[in-house]
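One structure below.
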Amino acid sequence: MKLFTEDRDRNSLSADRETCEGAREVEPCLDERLIRFERRPATGRQRRICIRVFSNSQVVVTAPSCVSDSAVQHYVRQHENWIRSKLRLLQSRPQPVSRDYVSGEHHYWLGKPVILRVLVAPDKRQRVRLLHDCLEVQARCKSKDRIRKLLVEWYRAQAQAIFSGRLELLLTDTPWVESRPSLRVRAMRRRWGSCSISGDVTLNLHLLKAPSECVDYVILHELCHIAEHNHSPRFYRLLSRVLPEWKARKAQLDSMTHLLLDAD
Ligand SMILES: [Zn+2]
């Protein structure tokens, strides 16, 4: 499940900043009001033109080599309104909060803000503890990288345990899942979760910072993909059956995303 993303036909929206060999900028041929975009070679078996809009306002078009530049420009002009609305949407969204990993900073745990407390103890065991509304990190030094690494390791261990427990419970609502899917936890920038063709579920480590009802929403979304590996109307009918209020959960998660992800 992508962060914020809504796919529209062949157009997809993404937030990464990947680079690609062979990319070139195609000059807009009419006037400056036209959208500037970069053309890149098609990937894999891609047969159609695909437009992607990035959070840094970059527009990238991939197309098979047999498609002429003028055909690509025509396609972009046809989708100009879609591109402009996506650019406006992305630019209006708050960017992930930048953190210094120092005492007093706000972090998140299952939807609640917790205050970071950093204790430096060169001779003691490094550890992280959650004490009510305080996330206490005891470390050998207070470097940002060290504190961040300790926190990520701690969040990962907690996430594996908590997500596994929720998955187990939610399986009672998803009778089409015949055997318990394997669960992986990964820090991701562009997805809250994913489900492979073979039914393995991956969840974003940062999801542990979201309210538990949002965690359940993402898990149920991925479990629905075991029955419907797409975002077809059938998929959304199934999701609405197991979680009628999924749109409210999604809106809640979207509204917090900039607080939950790492800025760097
Ligand atoms: Zn999905």
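Per-structure values
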{"item": "From Leu116, Leu110, residue being assigned by TED's automatic domain parsing to the domain that holds Tyr217 and on the phi > 0 side of the Ramachandran plot", "result": "Leu110"}
{"item": "Residues that are surrounded by 13 or more Cβ atoms within 10 Å (Cβ to Cβ) and acidic (Asp, Glu), drawn from segment 209-264", "result": "Glu213, Asp216, Glu222, Glu228, Asp254, Asp262"}
{"item": "Hits in segment 136-151 (condition: surrounded by fewer than 16 Cβ atoms within 10 Å (Cβ to Cβ) and either more than 23 Å from the chain's Cα centre (by Cα) or touching a residue at least 24 places away in the same chain (Cβ under 8 Å) (or both))", "result": "Arg140, Cys141, Lys142, Ser143, Lys144"}
{"item": "Meets criteria (among the charged types (D, E, K, R), without any contact (Cβ under 8 Å) to a residue 12 or more places away in the chain and closer than 30 Å to Thr257 by Cβ) for Arg88", "result": "yes"}
{"item": "Some residue of segment 208-219 being farther than 16 Å from Met256 by Cβ, of a type in the set (A, V, I, L, M, F, W, C) and in the same structural domain as Phe235 (by TED's automatic domain parsing)", "result": "yes"}
{"item": "Residues of segment 172-202 that turn out to be surrounded by 13 or more Cβ atoms within 10 Å (Cβ to Cβ), within 16 Å of the ligand (Cβ to nearest atom) and assigned to a loop (DSSP other than H, G, I, E, B), as a count", "result": "9"}
{"item": "So Ala248, is it over 30 Å from Arg129 (Cβ atoms), in a helix (DSSP H, G or I) and away from the ligand (no atom under 13 Å from the Cβ)", "result": "yes"}
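So that you can scan it fast, the table gives a plain yes or no per residue for (1) at pLDDT 75 or above; (2) among the basic types (Lys, Arg):
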position: Glu21; (1), (2): no, no
position: Leu34; (1), (2): no, no
position: Pro64; (1), (2): yes, no
position: Val67; (1), (2): yes, no
position: Arg84; (1), (2): yes, yes
position: Ser98; (1), (2): yes, no
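The values are calculated or read from the model by the stated rules, or taken from the named source; none is laboratory data. Nothing here was measured: the structure is a model prediction, and the numbers come from that model. Neighbour counts are summed over all protein chains in view; Cβ atoms, including those assigned to glycine, are modelled from backbone coordinates with ideal geometry.
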